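First comes the structure, then the notes that go with it.
Rule-based calculations on the coordinates, nothing more; no lab input. None of these values were measured; they are calculated from a predicted model. Glycine also receives a Cβ, built like all others from the backbone with ideal geometry; neighbour counts cover every protein chain displayed.
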Amino acid sequence: MIPALGLVAGLVIGLLLHPDVPLWLQPYLPIAVVAALDAVFGAVRAVMDGIFNDRVFVISFLSNVVVAALIVFLGDQLGVGSQLSTGVVVVLGLRIFSNMAAIRRHLFHA
Amino acid sequence: MPEPSEMSTDEPDTTGGQPTDEGAGRSGWSRLLRMGRPRATRANLFATLLAVLLGFAMVTQVHEHRTSGLENLSQGDLIALLDGVNQQSLHLDQERAKLTRTRDSLKTSSGDKAAISAAQERKNVLGILAGTLPAKGPGIAITVSDPDRVVQPANLLDAVEELRDAGAEAIQIAGVRVVADTWFGVDDDNTMLVDGQPIQPPYIILAIGSPHTMSTAMAIPGGVIDSLKQLGAHPSVASLKTVNIDALRAPKKPRYAQSDGSAS
């Protein structure tokens, strides 16, 4: 409950403040957000499955974000930046979808 | 295959939904509710912090994406964009060159210029004939002093006809321009009328044309000057190098005569 409220609070703060993203952060922010979303959905699914663990959630959240940023950075250095980030986004999207499917089955049995 | 990272056991994602009831008959909703209850653990606090960060980052990224244009694009995207813009610029240049050529050809087309100058010429000629434009050129001036007022309208008409026969191109009598429909008459006081305007002697008739031809025509025996002399009007003719005919005639639209439409 409280983390959900926290999410809403973060949204509100962001709407109010309208900060500028620093230049060095700009390429990584979108992918980091998607990776974090994937972690969140995974957490909800784990709750459904009865295996949720706070610690695991936090660690997986952070590691998802770091790995996603690392992959973007590596791709830019190697010169396959756009392809690699496309691949990462695709995979994250896949995971989100499958987690959502599991949640849906738990909730609505459909 | 990627797996949901929160599970403490390694299990692939693709197995899809797990059996919801684990002996205690808990459904997804109840689990969700249970989890949703506020708990004061450090991990929960951390999770809250992360959620705040996530919300913040999401909104910031959306705002950034909306307000920034080209800054966030990758190199490949920028190159593609540049190519598109260059193509468009090339097309616009070609179109501009084509339109400029068309405009120039329309402006300087010689056919039109000739037509315009021809129309201008005709306008001048017709203006002189109709009396709407002043004229000047060599000609003669006939002065009829007529002290006894013996000159009749017929005499003036004779003079005009004779002058025309001699090739006069513009005629003016006592400040009234003589044109195709000019008429001569007298009013009740025996005052000479030209086009309805009363004129007083001495009458000065100005005519532009060949001075020699016109003065010769005036001087033929039994002609205009002779007749006027016999009447006692005391005419005199002077050839002039420049005759200024300034009297103008307002153009009158014919009420009965219609053009039959054939162009000349």
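For this structure, a couple of remarks:
- Magnitude of the charge dipole, region B:127-231, Cβ model with Lys/Arg +1 and Asp/Glu -1, debye to 20: 400
- Footprinting exposure proxy for B:ASP260, B:ASP148 (fewest neighbouring C-beta atoms within 10 Å first): B:ASP260, B:ASP148
- Debye log10 I(q)/I(0) for the protein assembly as shown, one point scatterer per Cα, at q = 0.10, 0.13, 0.14 Å⁻¹: -0.81, -1.04, -1.14
- In order along region A:93-103, the phi-based Karplus estimate (6.51 cos²θ - 1.76 cosθ + 1.60, θ = phi - 60°) of 3J(HN,Hα) comes to x, 4, 5, 4, 4, 5, 4, 4, 4, 5, 4 Hz; Gly and Pro are listed as x.
- At R0 = 35 Å, FRET efficiency that the Cβ-Cβ distance of B:SER236 and B:LEU126 yields, to 0.05: 0.60
- Here the ratio of the Cα radius of gyration of region B:39-137 to 2.2 N^0.38 Å is 2.91.
- Only Lys, Arg, Asp and Glu carry charge here, each on its Cβ (+1 for the first two, -1 for the last two); on that basis the protein assembly as shown has a dipole of about 1080 debye about its Cα centre.
- Pairs of Lys residues in the protein assembly as shown that lie 8 or more places apart, or on two chains, and have C-alpha atoms under 19 angstrom apart add up to 6.
- The residue among B:HIS234, B:LEU133, B:HIS212 whose Cα reaches farthest toward the positive pole of the charge dipole of region B:131-264, with charges on the beta-carbon of Lys, Arg, Asp and Glu, is B:LEU133.
- Dipole of the protein assembly as shown, positive direction: furthest Cα of A:LEU107, B:PRO147, B:GLY167, with charges on the beta-carbon: A:LEU107
- Added length on full extension, which subtracts the Cα-Cα distance from 0.36 nm per residue, B:LEU33 to B:ALA115: 20.2 nm
- When GluC sites (Glu not before Pro) are flagged only if DSSP places them in a loop and at most 16 other Cβ atoms lie within 10 Å, the longest unflagged stretch of chain B comes out as B:72-264.
- Karplus 3J(HN,Hα) series, Hz, for region B:130-144 with 6.51 cos²θ - 1.76 cosθ + 1.60 (x for Gly, Pro): 7, x, 8, 10, x, 9, 8, x, x, x, 10, 10, 9, 10, 10
- Of B:THR108, B:THR67, B:THR191, the residue with the greatest mean-square motion in the GNM of chain B, using alpha carbon springs below 10 Å, is B:THR67.
- Taking the C-alpha atoms of chain A, convex hull volume expressed per residue in Å³: 114
- Chain A: angle of helix A:2-17 to the longest principal axis, Cα-based, in degrees nearest 10: 40
- Cα-based Kirkwood hydrodynamic radius, chain B, one decimal, Å: 29.1
- Take every pair of alpha-carbon atoms less than 8 Å apart whose residues are at least six positions apart; their mean separation over the length of chain B yields a relative contact order of 21 percent.
- Distance between region B:186-230 and region A:44-103 - C-alpha centres, whole angstrom: 116
- 3J(HN,Hα) from dihedral phi, region B:101-107, Karplus parametrisation 6.51/-1.76/1.60, rounded to Hz, x for glycine, proline: 4, 4, 4, 4, 5, 5, 5
- GNM top mover of B:ALA219, B:ALA250, B:ALA43 - chain B, alpha-carbon springs below 10 Å: B:ALA43
- The slack between B:LEU248 and B:LEU157, meaning 0.36 nm per residue of separation minus the straight C-alpha distance, is 30.8 nm.
- Projecting the Cα atoms of B:HIS91, B:THR67, B:SER117 onto the charge dipole of region B:64-141 (Cβ charges, centred on the Cα centre) puts B:SER117 farthest toward the positive pole.
- Inter-label distance for B:ALA97 and A:GLN77, nm, one decimal - labels placed 7 Å from Cα along Cα-to-Cβ: 4.9
- Paramagnetic label reach from A:VAL66 (point 7 Å along Cα→Cβ; backbone nitrogen cut-off under 18 Å): within region A:16-53, residues A:28-29, A:31-40.
- About the Cα centre, charge dipole magnitude for region B:201-264 (Lys/Arg +1, Asp/Glu -1 at Cβ), debye: 220
- Sparsely packed chymotrypsin sites (Phe, Trp or Tyr not before Pro) within region B:156-264, loop by DSSP, other Cβ within 10 Å at most 13: B:TRP183, B:TYR256
- Region B:27-91: trypsin sites (Lys or Arg not before Pro) falling in loop per DSSP and having at most 15 other Cβ within 10 Å: B:ARG39
- Its Cα gyration tensor gives region B:158-264 an equivalent ellipsoid; the semi-axes, largest first and in whole Å, are 26, 19, 13.
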